[in-house]
Amino acid sequence: MLRFAPSPTGDMHIGNLRVAIFNYILSKQRNEELLIRIEDSDSARNIEGKDQEILQILDLFNIEYKDVIYQSANLRFHRALAIDLLQRKMAFNCFCSSDKLDNARELAKKERRAFRYDDSCTHLSASQSIDNPNPFTIRIQRAKNRVTFKDLIKGDMSFEPEDIDSFIIMRAQKLPTYNFACAVDDMLSDISLVIRGEDHLSNTPKQIHIRDSLGYEKRVEYAHLPIILNDDGKKMSKRDDASSVKWLLSEGFLPSAITNYLILIGNRCKEEIFELDDAIEWFDLNNISKSPAKFDIDMLRHINNQHLRAMQSIELSRYVGFADADIGELAKLFLDECSTTKELKLKIEAVFAPKVASEEFALSVEKIRQVLLDAPYFEEFDEFKKFVIDSTSIKGKQLFKSLRILLSNSEHGPELSDIYTHTKNYLKEIVK
RNA sequence: GGCUCCAUCAUCUAAUGGUUAGGAUUCAAGGUUUUCAUCCUUGCCAUAGGGGUUCGAAUCCCCUUGGAGUCACCA
């Protein structure tokens with residue numbers, strides 16, 4: 001079983017989507033199920049409806065999964081297992097206040113050393129614990145030995161007990177912390193491989209330590225994907241528009257192109273332009289680069305353009321508000337200057353909008369327009385052109401520029417004859 | 001600062017001890033186009049630095065430098 005575990009606290013991030021895609025690919029390759037786990041254990045940060053939004057995006061990107069579970073539904077297991085650890089002295093109650101811990105953290109920072117829990121509550125007697133009326137958290141006992149694991153991308157990893165620390169597993173309100181809930185849930189769902197972002201790398205030894213303490217012996221495999229960086233070389237954040245899947249979609253990028261790009265960057269690929277199903281055939285975690293990759297929107301535009309060119313005309317026409325292969329073909333003519341459906345839609349809308357002509361061509365445009373309002377239908381552009389010349393006596397630059405303005409609302413653009421081929425059935429509407 | 005990871009053109013990458021260090025994107029120039037773009041052709045641009053090992057190093061080892069992630073009763 002593999003899992004994708006987003007938290008419903010904001011818009012789906014492209015880094016998250018990439019994690020989902022890779023989990024999906026590996027689940028297909030290994031012939032295992034994919035589980036979606038909504039990590040909603042911090043109810044204060046949850047945003048209503050974000051879980052549904054995430055699932056909709058997964059559908060849109062053709063990521064199939066078996067089940068959706070909510071982390072909060074496992075609360076009784078989190079509590080039961082925390083009690084189990086307490087009873088076996090693998091965990092202890094900690095009465096240290098937030099203030100005290102914050103001060104200790106600050107001091108550690110000032111002294112330029114790492115903050116570690118000072119073990120002041122590690123060995124409290126039963127009565128010391130029971131007689132204390134103050135709120136308390138539950139901490140796990142520090143590991144006895146180094147925690148090691150093999151990451152499928154990064155290689156062998158090793159962490160000292162000192163660096164894993166005796167961290168909090170249950171908060172004062174007796175809700176699990178992320179690491180505890182995550183470790184337990186992965187265990188309960190019998191997860192075999194965890195693919196997640198590199199930002200989780202330092203959580204992994206903690207989660208392994210939790211399961212070790214619980215006596216769970218099955219080894220979970222891990223693959224930590226390098227982060228996607230913005231132009232400044234920092235992790236992409238909410239502040240970067242392009243980090244939001246929703247934003248990319250609204251800008252007119254296709255799910256198939258976004259998928260293509262997210263698989264392509266930081267990876268050694270067999271081909272540059274492909275579909276998700278192709279990638280399932282050859283994708284290999286071993287080919288993922290160990291270093292982070294910068295997000296390059298120019299490259300994404302290029303890939304989006306290629307996907308648009310390969311798209312069925314009728315399907316493309318729907319993206320620009322029609323259901324007609326001719327309009328799809330017309331849109332494809334503009335792919336020489338556009339790369340997103342949003343840009344194409346503007347071009348197509350301009351074709352049907354009232355025409356705006358510069359002073360230089362305004363007279364010719366109007367004269368030709370009047371003629372075309374009552375013109376017969378011409379199958380071929382040459383006949384159409386001849387008709388216009390014969391009826392108006394306009395020629396040369398005035399003729400071509402004016403026709404171009406009438407047919408496309410622009411002085412520049414694709415071949416006039418090509419535009420005509422795909423707009424001749426709409427001519428009356430276009431010059432109206 | 002501690003821990004962990006990383007290091008080839010501006011960007012994504014190829015070259016798994018022997019290549020004039022290749023491709024794609026970007027950018028620039030020329031050709032083409034009664035238009036701009038496309039397209040075609042060409043060009044610019046990289047092995048972070050220093051030591052080893054070796055007949056031979058982008059590739060293996062060490063040091064330096066640089067970058068990233070992470071260090072919550074968030075996930």
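Just so it is clear, none of the values below were taken in a lab; they were calculated from the coordinates. Just so we're clear, the structure is a prediction, and the values are computed from it rather than from any experiment. Glycine also receives a Cβ, built like all others from the backbone with ideal geometry; neighbour counts cover every protein chain displayed.
At a 4.7 angstrom Cβ threshold, list every cysteine in chain A that has nobody to pair with, or say none.
So, A:96, A:182, A:269, A:338.
Starting from the alpha-carbon convex hull of region A:311-352, give the projected area averaged over all orientations, in nm².
About 2.4 nm², averaged over all directions.
Give me the percent of DSSP beta bridges within chain A that run antiparallel, rounded to the nearest 5.
Antiparallel: roughly 50 percent of the beta bridges in chain A.
Each label point is 7 Å from the Cα along the Cα-to-Cβ direction; what then is the distance between the points at residue A:45 and residue A:128, in nm?
3.2
Pairing the Cα long axis of helix A:255-264 with the longest principal axis of chain A, what angle in degrees results, from 0 to 90 and rounded to the nearest 10?
60
Relative contact order of chain A: what whole-number percent is it, with Cα pairs under 8 angstrom and at least 6 residues apart?
Rounded, it is 13 percent for chain A.
So how do A:204, A:9 line up by other beta-carbon neighbours within 10 Å, fewest first?
A:9, A:204
Restricting to DSSP loop positions (anything but H, G, I, E, B) with no more than 12 other Cβ atoms inside 10 Å of their own Cβ, which trypsin sites (Lys or Arg not before Pro) remain in region A:257-324?
Passing both the DSSP loop test and the Cβ count: A:268, A:270, A:290.
May I ask which of A:66/A:150; A:386/A:432; A:345/A:386; A:234/A:345; A:345/A:397; A:332/A:395 have a Cα-Cα span longer than 24 Å here? Write down the numbers at each step before the final one.
Numbers: A:66/A:150 27 Å; A:386/A:432 21 Å; A:345/A:386 31 Å; A:234/A:345 33 Å; A:345/A:397 28 Å; A:332/A:395 28 Å.
From the list (A:66/A:150; A:386/A:432; A:345/A:386; A:234/A:345; A:345/A:397; A:332/A:395), the Cα-Cα distance tops 24 Å for A:66/A:150; A:345/A:386; A:234/A:345; A:345/A:397; A:332/A:395.
Sticking with the crude label model, points 7 Å out along Cα→Cβ, report the distance from residue A:93 to residue A:411 in nm, one decimal please.
Using points 7 Å along Cα→Cβ, the separation is 8.2 nm.
Compute the long axis of helix A:178-188 from its Cα atoms, compare it with the longest principal axis of the Cα atoms of chain A, and write down the angle in degrees, 0 to 90, nearest 10.
90
How much mean residue ellipticity at 222 nm does chain A get from its helices, if each DSSP H run of length 4 or more adds -39500 (n - 2.57) and you divide by all residues, to the nearest 500 deg cm²/dmol?
Theoretical 222 nm ellipticity from helices: -14000 deg cm²/dmol.
So how far, in whole Å, is the C-alpha centre of region A:162-184 from the one of region A:42-72?
Region A:162-184 and region A:42-72 have Cα centres spaced 23 Å from each other.
Do any of A:154/A:294; A:385/A:428; A:342/A:385 go past 25 Å between their Cα atoms, and which?
Beyond 25 Å between Cα atoms: A:342/A:385.
Over the alpha carbons of region A:1-138, what is the largest minus smallest coordinate on each principal axis, giving the biggest first in Å?
Principal-axis extents of region A:1-138 (Cα, largest first): 55, 37, 31 Å.
Find me the longest stretch of chain A that has none of the exposed GluC sites (Glu not before Pro), where exposed means in a DSSP loop (not H, G, I, E or B) with at most 12 other Cβ atoms within 10 Å. Write out the running numbers ahead of the final one.
On the way: sites that count: A:48, A:64, A:111, A:217, A:271, A:272, A:379, A:380, A:415.
Longest site-free region, per DSSP loop and neighbour criteria: A:273-378.
With r defined as the distance between the Cβ atoms of residue A:429 and residue A:271 and R0 fixed at 25 Å, what FRET efficiency is calculated, to the nearest 0.05?
0.05
Principal axis extents for region A:362-431, Cα atoms only, whole Å, descending order, please.
Per principal axis, max minus min of the Cα coordinates gives 25, 25, 20 Å.
Using label points projected 7 Å from each Cα along Cα→Cβ, tell me how many nm separate residue A:113 and residue A:53, to one decimal.
Label-label distance for residue A:113 and residue A:53, simple model: 4.5 nm.
Taking Cα atoms, how many degrees apart are the long axis of helix A:204-213 and the longest axis of chain A, rounded to 10 and kept between 0 and 90?
Between helix and principal axis, roughly 40 degrees.
For chain A, what Kirkwood radius comes out of the mean inverse Cα-Cα distance, in Å?
25.9
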